[in-house]
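Here's the structure, in structure tokens; my notes come after.
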Amino acid sequence: MFDLSGESVIVRISIVIGLGALAAASVFLLVAFALRGRLVRQTERRAAIEAVWLPVMLQSMRQEFPTTPTLRRRERGAVLALWNRMTAAIEGEAVERLCVFADRAGLITAARALSKEGSGEELVVAATFLGRNRDAAGVPVLLDLAQKEPIVVRAEAARALVRIEPEAGVRSVVPMIARWEDCHSAVAVAILRDAPSEVVSEVVAGHALAAQDPGAQARLVDVLAIIKGRAGHAAARTLLDRQPPPEVASRCLAVLREHRAPEDAILVRPYLKHEMPFVRVQAVAALARLQGSGDVWRIAGCLGDRDWWVRNRAARAVVTSPAIARSLVELLASVHPDRYARGALVQVLGEIGAS
């Protein structure tokens, strides 16, 4: 019958595990070799395409008009990507000549088609190409791309819209940015950077003031904090007057901090007592930049805050303030009645002294 002794069972289990591991390793190696082979073929195919198209593009930059190669359907992405790389590396008349070449070679038509039929990286390549060519006829296609996933496709399509028609593009794109929960403020600014900054500031500020969703409002105010336009500053002041939700208030305070207008201090001071610590942190940071009459002592009042971040920011503002002598700060660090305030001051004094 069957040998069910302990050693026999262990040996059989070990053999099964070993065979399973060997099979898994074999499958892994086969997949790795297949992927490597595919990558090598793609690299070779791309190199062959570039060997044909690169000399032609270089000739067109010298205002020579060579016979253009036939653009095959499967080559569209690689040729458009090559054109994008070349225009990113040059500027001035050379770019204009490449745009003329793109039209003569049928690349613009190919990019419109690819933006409808492609996927993933091809969509990004097509959107970049249409934007750099300022192809007005491609706007409907780009508007459709700006609704697709992932964010990199939407962002590049939106940026192309702004490149083609800066003012109209900004008015189309800003409502999209307000809806995109996965759009970081830095990405939003990159999308809008080809438009005049004051136009961007006015449009973003208008939508921020009109937005009903706190999340959308916060995203737009984040953009205003980076672009630093006059309209954005005015919008942040208006929003703070309305006592907005905490996530909006903190971002409005960041806008005021960047503008450094002394008259903003009166709007900032009440937020030192806000219930949310991240709002109080921004209020301390903003007031430290503005520092109207007596504001350093208002900031000093936050040294005993229950939140560590608020205490630390207040301590940094007090220690670095030109309105208080270093000896007085050191005295405050030793006699302050709140032990957390003393701790914050001692820590910041030590850090600044060490640096």
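Quick check: net charge around residue 113, other residues with Cβ under 10 Å of its Cβ, Lys/Arg +1 and Asp/Glu -1? Summing Lys and Arg as +1 and Asp and Glu as -1 gives +3. Charge tally around residue 261: other residues with Cβ under 12 Å, Lys/Arg +1 each, Asp/Glu -1 each, net +3. Any idea what angle helix 246-259 forms with the longest principal axis of the chain, computed on alpha-carbon atoms, 0 to 90 degrees, nearest 10? The answer is roughly 80 degrees.
Please find the FRET efficiency linking residue 43 to residue 228, where r is the Cβ-Cβ separation and R0 is fixed at 51 Å, and quote it to the nearest 0.05. Here the calculated transfer efficiency is 0.70.
Answer with a single label: of (1) 0.95; (2) 1.19; (3) 0.97, which was calculated as Rg/Rh (Cα atoms, Kirkwood Rh) from the structure in view? Calculated Rg/Rh (Cα atoms, Kirkwood Rh): the matching label is (2).
Take the Cβ atoms of residue 184 and residue 17, set R0 to 41 Å, and the FRET efficiency comes out at 0.35. The aspartates and glutamates within cross-link reach of residue 228, meaning a Cα-to-Cα straight distance under 17 Å and a gap of 8 or more places when in the same chain, are 194, 198, 202, 258, 263, 264.
On the beta carbon distance between residue 144 and residue 278, with R0 = 41 Å, the FRET formula returns roughly 0.60. Taking a ≥ b ≥ c as the square roots of the eigenvalues of the alpha carbon gyration tensor, region 134-224 is oblate, as a/c is not under 1.5 and a/b does not beat b/c. Of interest is the spacing of the C-alpha centroids, which for region 154-171 and region 271-332 amounts to 41 Å. Selection among 66, 352, 26 by position relative to the dipole of the chain gives 352 as farthest towards the positive end (Cβ unit charges, Cα centre). Annotation: aspartates and glutamates with alpha-carbon distance below 13 angstrom to residue 273 (same-chain offsets under eight excluded): 305, 307. The slack in the chain from residue 24 to residue 119, taken as 0.36 nm per residue of separation less the alpha-carbon distance, amounts to 31.0 nm.
Positive-end ranking of 283, 299, 271 along the dipole of region 246-318, with charges on Cβ about the Cα centre, is headed by 299. Rounded to the nearest 20 debye, the dipole magnitude of region 232-355 is 40 debye, with +1 charges on Lys and Arg beta carbons, -1 on Asp and Glu beta carbons, and the Cα centre as origin. The Cα center of region 179-204 and the Cα center of region 227-267 differ in position by 17 Å. Placing +1 on each Lys and Arg Cβ and -1 on each Asp and Glu Cβ, with no other charges, gives the chain a dipole about its Cα centre of roughly 220 debye. Modelled this way, with points 7 Å down the Cα-to-C-beta line, the labels at residue 352 and residue 68 are 6.3 nm from one another.
The C-alpha atoms of the chain define a longest principal axis, and helix 214-227 lies at about 90 degrees to it.
For region 277-348, the relative contact order comes to 30 percent (Cα pairs under 8 Å, sequence separation of at least 6). Excluding residues on the same chain fewer than 8 positions from residue 116, give the aspartates and glutamates whose Cα lies under 13 Å from its Cα. Once the sequence-local aspartates and glutamates are set aside, what remains near residue 116 is 144.
Counted by neighbouring Cβ atoms within 10 Å, the residues 308, 180 run from fewest to most as 308, 180.
Please label the shape of region 20-119 as rounded, prolate or oblate, based on the square roots a ≥ b ≥ c of the eigenvalues of the alpha-carbon gyration tensor (a/c under 1.5 means rounded; beyond that, a/b larger than b/c means prolate, else oblate). Judged from the Cα gyration tensor, region 20-119 comes out prolate (a/c at least 1.5, a/b above b/c). Rounded to the nearest 10 degrees, the inclination of helix 339-354 to the longest alpha-carbon principal axis of the chain is 60 degrees.
All of the numbers you see were taken from the coordinates with simple rules; none came from a lab. Model, not experiment: these values are computed from the prediction. Note: ideal-geometry Cβ built from the backbone for every residue, glycine included; neighbour counts use all protein chains shown.
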